[in-house]
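Asker: Below is the structure I would like to discuss, written out as structure tokens.
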Amino acid sequence: MPFNISIKELLEAGVHFGHETKRWNPKMKRYIYAERNGIFIIDLQKTMVEIERTFSYIQDLSMRGGTILFVGTKKQAQEIVALEAERCGMPYVNVRWLGGMLTNYKTIASRVGRLAELEELFASEEINERVKTEQVRLKHELDRLQKYLGGFRHLKRLPDALFVIDPSKEAIAVKEARKLGIPIVALADTDSDPDLVDYIIPGNDDAIRAIQLILSRVTDLIVETRGGGRPAAPASVPAGAEEVAGEEAQA
């Protein structure tokens, strides 16, 4: 049972369920076990092999103090990404990937600076000296920056790697990371292009339980590697919880 994860757990979380056969990338064929009722079934033996390879990389990177940027903006992943990233002290993007977050990092970092500036303003008495209309405008700006950059603000430099939930969904993030030579780790379903990522975990990237299982074990690994102790309990998402989809407004 490498890295404290078993095929039984993968099965129970539905990691083996791929997309409909009409929605697939032929490059994922090597990870497909069978087709049942129009759905691809992922070969969990091969998933286990890739988990071992991927977790070894994450463990090594964590031992060297590397930073992993968690990325997952689909509604099923948003809350889990935020909770697990915070549990292991990693930065994250879980609402919308803003173009240039990596390739135009300095500009995005300046917006993080603006976020800190506004938070300081609202924590002081100075905000009460502003006219009401300006207070409302600044509060709207603060809320928007917190929404889109609240998890990204913890990134003090370009990350050493990305952990992506659904590389097809996060195509812009993947493209930027590849352009900069930043390694990409991904939980990828049967519609993904495995050639675009460096470390793949073939599996269901839509089901909440599947996403939570994989991310919680990644977080456990990071916490154990860095702290040398037992990790805190994994973040829990209520069964059947509905997360609000990210808005399309630009921060």
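Asker: Is it fair to say residue 141 is modelled with pLDDT under 95, on the phi < 0 side of the Ramachandran plot and not assigned by TED's automatic domain parsing to the domain that holds residue 181?
Answerer: No.
Asker: Okay, moving on. Name the single residue that is farthest from residue 105 (Cα to Cα) among those in the stretch 146-173 being in contact with an Asp or Glu (Cβ under 9 Å, 6 or more places away or on another chain) and among the aliphatic types (A, V, I, L, M).
Answerer: This residue is 165.
Asker: Please enumerate the residues belonging to the stretch 12-42 that are closer than 13 Å to residue 204 by Cβ and touching a helix residue (DSSP H, G or I) at 6+ places or on another chain (Cβ under 7 Å).
Answerer: The answer is 13, 14, 15, 16, 28, 31, 42.
Asker: Filter the stretch 29-47 down to residues that are basic (Lys, Arg) and closer than 19 Å to residue 5 by Cα, then give me how many there are.
Answerer: 1
Asker: Shifting gears a bit: Within the stretch 44-60, is there a residue that is under 30 Å from residue 152 (Cα atoms), part of a helix (DSSP H, G or I), touching a His at 6+ places or on another chain (Cβ under 9 Å) and of a type in the set (A, V, I, L, M, F, W, C)?
Answerer: no
Asker: What is the number of the single condition among (1) among the aliphatic types (A, V, I, L, M); (2) in contact (Cβ under 8 Å) with a residue 24 or more places away in the chain; (3) over 17 Å from residue 71 (Cα atoms) that residue 131 does not meet?
Answerer: Single failed check for residue 131: (2).
Asker: Looking at the stretch 6-25 only, could you name the residues that are within 23 Å of the chain's Cα centre (by Cα), surrounded by 14 or more Cβ atoms within 10 Å (Cβ to Cβ) and not in a helix (DSSP H, G or I)?
Answerer: Correct list: 13, 14, 15, 16, 17, 18, 19, 24, 25.
Asker: Ok, one more. Could you grab me the full set of residues in the stretch 1-50 that are acidic (Asp, Glu) and within 21 Å of residue 218 (Cα to Cα)?
Answerer: Listed by number, the residues that qualify are 9, 12, 43, 50.
Asker: Only one of these is aliphatic (A, V, I, L, M), in a helix (DSSP H, G or I) and surrounded by 19 or more Cβ atoms within 10 Å (Cβ to Cβ): 28, 90. Name it.
Answerer: 28
Asker: Contact list please: Cβ distance under 8 Å, first residue in the stretch 5-25 and aromatic (Phe, Trp, Tyr), second residue assigned to a loop (DSSP other than H, G, I, E, B) and surrounded by 13 or more Cβ atoms within 10 Å (Cβ to Cβ), pairs at least six apart or on different chains.
Answerer: Here the result reads 17/204; 17/207; 24/190; 24/191, each pair linking the stretch 5-25 to a residue that is assigned to a loop (DSSP other than H, G, I, E, B) and surrounded by 13 or more Cβ atoms within 10 Å (Cβ to Cβ).
The values are calculated or read from the model by the stated rules, or taken from the named source; none is laboratory data. Keep in mind that this is a model prediction, so the values were computed, not measured. Quick reminder, even Gly has a Cβ in these numbers, built from the backbone with ideal geometry, and neighbours come from all protein chains shown.
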